[in-house]
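Peer 1: Once you've had a glance at the structure underneath, I'll fire off some questions.
The values are calculated or read from the model by the stated rules, or taken from the named source; none is laboratory data. As the structure is a prediction and not an experimental result, all values here were calculated from the model. Cβ atoms come from the backbone with ideal geometry, glycine included; neighbour counts cover every protein chain shown.
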Amino acid sequence: MTQKFDVVVIGGGPGGYVAAIRAAQLGFKTACIEKYKGKDGKTALGGTCLNVGCIPSKALLDSSWKYHEAKESFSVHGIGVDNVRMDVPAMIERKANIVKNLTGGIAGLFKMNGVTLIEGHGKLLAGKQVEVTAADGAVQVLEAGNVIIASGSKPIDIPPAPVNQDTIVDSTGALEFQSVPKKLGVIGAGVIGLELGSVWARLGAEVTVIEAQEKFLAAVDEQVAKEAQKLLTKQGLQIRLGARLTGSEVKDGQVTVSFTDAAGEQQLTFDKLIVSVGRRPVTQDVLSADCGVTLDERGFIYVDDQCATSVPGVYAIGDVVRGPMLAHKASEEGVMVAERIAGHKAQVNYDLIPSVIYTHPEIAAVGKTEQQLKAEGVAVNVGVFPFAASGRAMAANDTHGLIKVIADANTDRVLGVHVIGPSAAEIVQQGAIAMEFGSSAEDLGMMVFSHPTLSEGLHEAALAVNGHAIHIA
Ligand code: FAD
C-alpha cells in the first residue's frame, strides 16, 4: 500500500533533518529518507556535516590544537610537559565517537518529534511521488503533499589527481589518516584545505598548499586575508599561489604532483595528497526526467529566494541549491521551507550568513568586505582593533589578529564585521546579531561589554569606526 505523508524530505543532513523536525513540530506527517550508512553499517543521519564534515573536522582541529599548545606554548605559562606525544588512532577514535553520539542524537530527535525515517535512496517522480529504493533493492513509492530535496553535495574530483582514498584522498579520507604523513600536499587553499592542512601541520606534517588562484582567500576581506596568509605561513603551511596542477603519479606509496606557476613547471612529492577544490551538488538519480524540477546553469537545483523549485509543492535546500555551502544556511532554509508550507511568512536573510574558517587563529566574517563595498561605491568608515591590544588575549597568550568593523559613512549602519583571531567565530556572531537588528557602529559602541573579554575588541573596533576608541592609538 502506498504510504502518504504531508511532507517527504530527501536527505537527512543539516538541511533535511532540521526541515523534517520543524515540519513535524508544525503538525505535518513527515518522513525523511536517508541512504548513508555509518561505519557500523547502520543508517546515519546528519549528512556531510555530522559524519564527514563540520563536526569530525572540528574534533581533529581541537585535538591537534591541544597537542600543538602543549608542545609549543604551555612553557610560556610556566607549565612543563615533557615527552608530549600524539596517539593518532586514539585521536581518530575520539572523533568517531563524537560523530556516533551526534548522529544517534538526531535519530532520537526524529523519534521524539514523530518523524518517520525511511532508509534508502529517494528519487522524486512526477506528481510529488517519491520512489525509495532500500539497500536490498526493495522499492516503494510514497505520496507527498510537499517534497523537500536536501541531497547535499560531494567533493569535486579533478582529472590530474584522481582520488584513490589511499595516497590521494578527499576531505573524507583526510579525516581518517592513522599516522601523520611526513609530507602532505593539499590541492586548494579554501576553507576545507586550510582546516585539514592545519590539523596535520600541527601534528608535524610538512604541508604544502597548492592553489590555482593568485590571491589568497580571494573572497575574504583583503586586510584579514593578508593577515591570515602571514600567520598561516609562519605556522609552517607553505602556500603556493597561482599554481595550476597538471598531473600526478602514484609510485611506491608516494604521490608526485606536477604543476605550473610563475616560475615554470614544478614537481613535488608527498606521502599523502588531499584534494579539496570544492564540492558539487548531488542531483544525479534524485530527480526523474519527468518530475519537472529544473537545474540552474551551474548544476544546482533551481530555486527562488524561498527555496521553491519550478514545481509547486517541491522545495530544495542546502548545498544542492545556490548560496554558500554551509550547515547553518542549510538548516535555516529547512526551517523556512517547513514554516512556509505551514503558511507562515518565514525568510532567510541571505545577506547575513556568517562564515568561519576554523584555522588558528580563526577567520570569520559576516556582511560585506571593504573591497565589495568600495566596488559598489558605498562610502564607509572602518574601525580596526588588534588583539595585541587586548588584555584578555594577552592573558591567554593569543594576541594575533584583528577585529574590523565596517560601517556606512553616511548612516553609520554596520555593513560588515571581519575577524581573524581567538574566538573569531563567536565574536562575529555578535556582529551578526547587531547587524540583524540594524545596529549602527555607535549602537555597538554604546553597549556594555564584560571586561576582560575578547569581545571587548568588537566594542573597541566599533568605537574606532567613529574615531572614539579608548585603547588603541
Ligand atoms: P548534506 O550534509 O550533504 O546531507 C545530504 C544528505 O542527503 C546526506 O546524508 C546524503 O547521504 C543524503 N542523500 C543524498 N541523496 C540522497 C538520496 N537520493 N536519497 C536519500 N538520501 C540522500 N559547514 C559549516 O557550516 N561549518 C563547518 O565548519 C563546515 N565544515 C566542513 C568540513 C568539511 C570537511 C566538509 C566536507 C564540509 C564542511 N561544511 C561545514 C559544509 C557542511 O557540511 C555542508 O554545508 C552541509 O552538510 C550541507 O547540508 P545539506 O543538508 O545540504 O547536505
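Peer 1: Quick one: would you say ALA424 is more than 22 Å from the chain's Cα centre (by Cα) and under 19 Å from GLU69 (Cβ atoms)?
Peer 2: So ALA424 does not fit the description; no.
Peer 1: Out of all the residues in region 136-146, is one or more of a type outside the set (D, E, K, R), within 10 Å of the ligand (Cβ to nearest atom) and either assigned by the TED database to the domain that holds LEU287 or not in a loop (DSSP other than H, G, I, E, B) (or both)?
Peer 2: No.
Peer 1: Separate question: Do you know which residues across region 13-65 are more than 8 Å from the ligand (Cβ to nearest atom), crowded, with 24+ Cβ neighbours inside 10 Å and either in a strand (DSSP E or B) or within 15 Å of the chain's Cα centre (by Cα) (or both)?
Peer 2: Once the filter is applied, which keeps residues that are more than 8 Å from the ligand (Cβ to nearest atom), crowded, with 24+ Cβ neighbours inside 10 Å and either in a strand (DSSP E or B) or within 15 Å of the chain's Cα centre (by Cα) (or both), region 13-65 yields THR30, ALA31, CYS32, LEU60.
Peer 1: How do the pairs read when you match residues in region 79-93 that are within 13 Å of HIS68 (Cα to Cα) with residues anywhere that are assigned to a loop (DSSP other than H, G, I, E, B) and at pLDDT 95 or above, using Cβ under 6 Å and keeping only pairs 6 or more apart or on different chains?
Peer 2: MET86/LEU203
Peer 1: Testing MET1 on (1) touching a strand residue (DSSP E or B) at 6+ places or on another chain (Cβ under 8 Å); (2) surrounded by fewer than 24 Cβ atoms within 10 Å (Cβ to Cβ), one condition comes back false. Which one is that?
Peer 2: For MET1, the exception is condition (1).
Peer 1: Related question: When LYS95 is evaluated against the numbered criteria (1) under 17 Å from TYR36 (Cα atoms); (2) within 21 Å of the chain's Cα centre (by Cα); (3) not in a loop (DSSP other than H, G, I, E, B), which criterion, by number, is the only one it fails?
Peer 2: Against the list (1) under 17 Å from TYR36 (Cα atoms); (2) within 21 Å of the chain's Cα centre (by Cα); (3) not in a loop (DSSP other than H, G, I, E, B), LYS95 comes up short only on (1).
Peer 1: Scan region 68-92 for residues that are assigned to a helix (DSSP H, G or I) and among the charged types (D, E, K, R) and report the count.
Peer 2: Residues that pass the stated criteria total 3.
Peer 1: Of all residues in region 238-250 being surrounded by 22 or more Cβ atoms within 10 Å (Cβ to Cβ) and among the aliphatic types (A, V, I, L, M), which is farthest from ALA425 (Cα to Cα)?
Peer 2: Restricting to residues being surrounded by 22 or more Cβ atoms within 10 Å (Cβ to Cβ) and among the aliphatic types (A, V, I, L, M), the top hit is LEU245.
Peer 1: A further question follows. Can you name every residue in region 446-468 that is within 15 Å of GLY391 (Cα to Cα) and outside any helix (DSSP H, G or I)?
Peer 2: Answer for region 446-468, where residues must be within 15 Å of GLY391 (Cα to Cα) and outside any helix (DSSP H, G or I): PHE449, SER450, HIS451, PRO452, THR453, LEU454, SER455.
Peer 1: I would also like to ask the following. Against the definition (farther than 15 Å from PHE387 by Cβ, among the acidic types (Asp, Glu) and in contact with a strand residue (DSSP E or B) (Cβ under 6 Å, 6 or more places away or on another chain)), how does ASP443 come out, yes or no?
Peer 2: no
Peer 1: Is one or more of the residues making up region 121-133 surrounded by 14 or more Cβ atoms within 10 Å (Cβ to Cβ), away from the ligand (no atom under 11 Å from the Cβ) and not in a strand (DSSP E or B)?
Peer 2: Yes, region 121-133 contains a residue that is surrounded by 14 or more Cβ atoms within 10 Å (Cβ to Cβ), away from the ligand (no atom under 11 Å from the Cβ) and not in a strand (DSSP E or B).
Peer 1: Oh, and also: Scan region 340-355 for residues that are within 14 Å of the ligand (Cβ to nearest atom) and either crowded, with 22+ Cβ neighbours inside 10 Å or over 23 Å from LYS154 (Cβ atoms) (or both) and jot them down.
Peer 2: Selection gives VAL348, PRO354.
Peer 1: In region 384-395, how many are in contact with a Leu (Cβ under 8 Å, 6 or more places away or on another chain), outside any strand (DSSP E or B) and not basic (Lys, Arg)?
Peer 2: 3
Peer 1: Residue under question is VAL141, and the condition is that it be farther than 26 Å from THR43 by Cβ and surrounded by fewer than 17 Cβ atoms within 10 Å (Cβ to Cβ); does it hold?
Peer 2: In short, no.
Peer 1: Exactly one of these conditions fails for ALA262: (1) among the small types (Gly, Ala, Ser); (2) away from the ligand (no atom under 16 Å from the Cβ); (3) touching a strand residue (DSSP E or B) at 6+ places or on another chain (Cβ under 6 Å). Give me its number.
Peer 2: Answer for ALA262: the failing condition is (3).
The rows are residues; the columns are (1) touching a residue at least 40 places away in the same chain (Cβ under 8 Å); (2) within 12 Å of the ligand (Cβ to nearest atom); (3) outside any loop (DSSP other than H, G, I, E, B).
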site	(1), (2), (3)
LEU268	yes, no, yes
ASP304	no, no, no
SER310	no, no, no
SER331	yes, yes, yes
ALA338	yes, no, yes
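Peer 1: Quick one: how many residues across region 357-383 are in a loop (DSSP other than H, G, I, E, B) and out of contact with any Phe, Trp or Tyr (no Cβ under 9 Å at 6 or more places or on another chain)?
Peer 2: 8
Residue-wise test of (1) in contact with a Ser or Thr (Cβ under 9 Å, 6 or more places away or on another chain); (2) of a type in the set (D, E, K, R); (3) within 20 Å of GLY16 (Cα to Cα).
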site	(1), (2), (3)
SER288	no, no, yes
GLU297	no, yes, no
ILE301	yes, no, yes
GLY313	no, no, yes
MET336	no, no, yes
ILE341	no, no, yes
ASN349	no, no, yes
LEU352	no, no, no
